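Here's the structure we're looking at; comments come further down.
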Amino acid sequence: MDEIRRLRKLYELKNVDRKIPLDGRHESSAEHTYSCLVLAQYFLPKIRQKLDEPKVMRMILYHDVVEIESGDTYFLDDKGDKEEKAFPVLLQKIPVEMKDDVDALWNQYEAGKSPEARFCKAIDKLDPAIQIAFSKDIWRNKRLSEKIVRQAKDDYFKEFPELSCIWEKIVDYAKKNGYFID
C-alpha cells in the first residue's frame, strides 16, 4: 500500500487552488497543468525550434508538482525560497521510480537553461492569460495594468515568436476593451 500512497501523493495537485478564478471557483493546479499540456500540443508543431516533445510534455506535467507542498504563488508575488524548501520534501513522498525524472525535469524547468524549459515556462505564463482573456472583471479586480503584465511576462515569449504573437493579441484585446487599470 505504500506504493499506492506514494503514487496518490501526486494526485494532490488536484487539491491545490490557484489564484485564477474559473467559473465561480478557483482553478486547481492540476487543471492548469492540463491546460498547459493542451497549449504545448497546439504550439509544438507551430514553433520554428525543434524541441524534444516527450521531454516538454513530462516537464509540463511536473512543473507545478511542488505546489502540493508549497501551495500556489500568484505571478506578482515573490516565491522566495518557498518552493526550493518544499521540493525535497515532496520528492521523499512520491514513488521512488519517478523521483529521478521528476527531480531532473523540475530543476531543469526552474533553471530555464534548455530550450524545452524556456518553452514550458512560456506556456506556463501564457495559460492564465488565455484562461482570463475574456474576463474583464478578473483583470480589473486583480488591478492589472499593461505595464505590470508586460514586466512580468514579456521576456518569456521573446524566444518563441509564435507564442509572442498570441500574447500580443491578448494584451491588445485587453487594452482595447478597458481591462487594464492604467
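Remarks
- Breaking point among (1) assigned to a helix (DSSP H, G or I); (2) out of contact with any Pro (no Cβ under 8 Å at 6 or more places or on another chain); (3) among the charged types (D, E, K, R); (4) modelled with pLDDT under 95, for Lys9: (4)
- Selection status of Ile20, closer than 21 Å to Asn141 by Cβ, hydrophobic (A, V, I, L, M, F, W, C) and either buried (at least 19 other Cβ atoms within 10 Å of the Cβ) or modelled with pLDDT of 95 or more (or both): yes
- Condition met for Ala122 (small (Gly, Ala, Ser), in a helix (DSSP H, G or I) and either at positive phi or surrounded by fewer than 17 Cβ atoms within 10 Å (Cβ to Cβ) (or both)): no
- Sole residue being among the hydrophobic types (A, V, I, L, M, F, W, C) and either in a loop (DSSP other than H, G, I, E, B) or at pLDDT 95 or above (or both), chosen from Ala152, Ala133: Ala133
- Residue selected from the range 161-179 under the condition among the aromatic types (Phe, Trp, Tyr) and assigned to a helix (DSSP H, G or I), by the criterion nearest to the chain's Cα centre (by Cα): Trp167
- Only one of the numbered conditions (1) farther than 16 Å from Thr33 by Cα; (2) under 14 Å from the mean Cα position of the chain (by Cα); (3) crowded, with 18+ Cβ neighbours inside 10 Å; (4) in contact (Cβ under 8 Å) with a residue 40 or more places away in the chain is not met by Ala152, and that is (3).
- Only one entry of Pro45, Pro54 meets the criterion of being at pLDDT 95 or above, surrounded by fewer than 17 Cβ atoms within 10 Å (Cβ to Cβ) and more than 15 Å from Pro115 (Cβ to Cβ), and that entry is Pro45.
- Hits in the range 67-114 - residues which are part of a loop (DSSP other than H, G, I, E, B), over 24 Å from Tyr42 (Cα atoms) and modelled with pLDDT under 95: Gly71, Asp72, Thr73, Tyr74, Leu76, Asp77, Asp78, Lys79, Gly80, Asp81
- Given (1) crowded, with 17+ Cβ neighbours inside 10 Å; (2) out of contact with any strand residue (DSSP E or B) (no Cβ under 8 Å at 6 or more places or on another chain), index of the condition Lys113 fails: (1)
- Residue within the range 78-98 that is surrounded by fewer than 19 Cβ atoms within 10 Å (Cβ to Cβ), in contact (Cβ under 8 Å) with a residue 60 or more places away in the chain and within 17 Å of the chain's Cα centre (by Cα) present: no
The values are calculated or read from the model by the stated rules, or taken from the named source; none is laboratory data. What you see is a predicted model; the values in this text were computed from it and never measured. Cβ: placed from backbone, ideal geometry, glycine included. Neighbour counts: every protein chain shown.
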